[in-house]
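The values are calculated or read from the model by the stated rules, or taken from the named source; none is laboratory data. Keep in mind that what you see is a predicted model, and the values were worked out from it rather than measured. As a convention, Cβ positions derive from the backbone with ideal geometry for all residues, glycine included, and neighbour counts pool all protein chains shown. Protein only, heavy atoms only, side chains kept; ligands, DNA and RNA dropped before computing areas. Shrake-Rupley method; radii C 1.70, N 1.55, O 1.52, S 1.80 Å.
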Amino acid sequence: MDIEQLKQQVAALGPWFYPFSLADGVVTPSKVPPQVQGIFDTRLQMLQHAVNTHFGPRLAHIRALDVGCHEGFYSLALRRMGIPDVLGLDYRDDNLRRARFVTQALGISGLRFLQADAEELNPASLGEFPLVVCYGLLYHLENPMRVLRRLYALTGELLVLETQVVDEVDGVTEWGSLEWTRPFHGILAVIDESGEYREGNQETGSTPVVTCPSPRALRAMLQAAGFRDIAVQPPPPDAYEQLARGKRVVVTARK
Ligand SMILES: C[S@@+](CC[C@H](N)C(=O)[O-])C[C@H]1O[C@@H](n2cnc3c(N)ncnc32)[C@H](O)[C@@H]1O
């Protein structure tokens, strides 16, 4: 494909979410506002740090799964880090079409994509992956606990998960009578994404109503799914503002 054909295909496949550099002067035009695009690099740095810290040179011998991979930005990054076999999974065929195009345009092998709904996935059909990445998906889910259980089944060693979090709420609630009470472990906020969903937004979940956890709820749910050594990763210097303020977190968890 020559440069003109490449440009035509890029235009035909848009709108794009990520700025992929495909060839000299050909970058996919991201629809994300410039002041927000710093989020891509901060999350990438945090992913690379977590993955390198855990696997080191073993990276060359593992396979990885990227759940909610969108156009494959982080799947591609994992492949470029030297992981020989990376599978990206997403609910939306449109996103995967762009992911496959990027892979082909860059001549990358060892990077595959699969359409599937993480809420309905049968983990046994895919087997275990030493590394599972789940970025930007949890707060687009109607049933986060159901998906975390599936991620646990899919994870061989390490899960790296990134999510927005809502402000913490601690408390105690009645549980059957005035005298009987239970503490609760954070909250899941119910978010109405039906507007974006109806408009065909490519980043929302597979349902119009979704939930977003508080930090304690996230930890409690990861633990309930079976994960251990759950650690919130420190953001790098000059991190994108949401990660710097702890309103989005990158968490590592081991099987
Ligand atoms: C906000 S984007 C995040 C993309 C990417 N992981 C990142 O962090 O930049 C959410 C992605 O998850 C996908 N998605 C939403 N609900 C899903 C589900 N139930 N199963 C699989 N993918 C889903 C969307 O199609 C979209 O590509």
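At 1.4 Å probe size, with the rest of the protein present, what percent of the exposed accessible area of the range 3-254 is carbon and sulfur atoms? Write out the running numbers ahead of the final one.
Details: 6150 of 11870 Å².
Summing carbon and sulfur atoms, their accessible area is 52 percent of the total for the range 3-254.
Sorted by packing (mean other beta-carbon atoms within 10 Å per residue), highest first, where do 67-77, 144-154, 14-24, 244-254 land? Don't skip to the answer; put the middle values down first.
Values: 67-77: 25.0, 144-154: 20.8, 14-24: 15.2, 244-254: 17.5.
My ranking of the peptides, most packed first, is 67-77, 144-154, 244-254, 14-24.
In Å², what does the accessible area per residue of the range 1-53 work out to with a 1.4 Å probe?
56
If you roll a 1.4 Å probe over the heavy atoms of the protein chains, what accessible area per residue do you get for the range 120-255, in Å²? All intermediate terms of the calculation are to be shown ahead of the outcome.
Values: 6710 Å² over 136 residues.
Accessible area per residue, the range 120-255: 49 Å².
How many nm is it between the label spots at ALA124 and ILE191, if each spot is 7 Å from the Cα in line with the beta carbon?
Label-label distance for ALA124 and ILE191, simple model: 3.4 nm.
Please name which of GLY205, PHE113, ASN52 has its Cα lying farthest along the dipole of the chain towards the positive end, using unit charges on Cβ (Lys, Arg +1; Asp, Glu -1) and the Cα centre as origin.
The residue sitting most towards the positive pole is ASN52.
Under a point spin-label approximation (7 Å from Cα along Cα-to-Cβ), what is the LEU178-GLN164 distance to one decimal in nm?
With each label point 7 Å from Cα toward Cβ, the separation is 4.0 nm.
Sum -39500 (n - 2.57) across every DSSP H segment of at least 4 residues in the chain, then divide by the residue count to get the 222 nm mean residue ellipticity, nearest 500. Please list the in-between numbers first.
Values: 8 runs with 82 residues, N = 255.
One gets -9500 deg cm²/dmol as the mean residue ellipticity at 222 nm.
Compute the long axis of helix 215-225 from its Cα atoms, compare it with the longest principal axis of the Cα atoms of the chain, and write down the angle in degrees, 0 to 90, nearest 10.
Its long axis makes an angle of about 90 degrees.
Tell me whether the chain comes out rounded, prolate or oblate; compute the Cα gyration tensor, take square roots of the eigenvalues as a ≥ b ≥ c, and use a/c under 1.5 as the rounded threshold.
Details: a/c = 1.85, a/b = 1.56, b/c = 1.19.
The shape class here is prolate.
When all protein chains stay in place, what accessible area (Å², nearest 10, 1.4 Å probe) is found for ARG58?
Rounded to the nearest 10, that gives 100 Å².
Excluding GLY38 itself, what net charge comes from residues whose Cβ is under 11 Å from its Cβ, given Lys and Arg +1 and Asp and Glu -1?
Details: positive: ARG43; negative: ASP41, ASP238, GLU241.
Once positives and negatives cancel, what remains is -2.
What dipole magnitude, in Debye to the nearest 20, does the chain give about its Cα centre under +1 on Lys/Arg Cβ and -1 on Asp/Glu Cβ? Mind showing how you got there, number by number?
Numbers: 25 positive and 30 negative charges, 150 e Å.
It comes to approximately 720 debye.
Lys and Arg at +1, Asp and Glu at -1: add these up for the other residues within a Cβ distance under 14 Å of ALA23 and post the number. Walk me through the intermediate numbers first.
Numbers: positive: LYS7; negative: ASP2, GLU4, ASP24.
Spelling it out: positives minus negatives among the neighbours equals -2.
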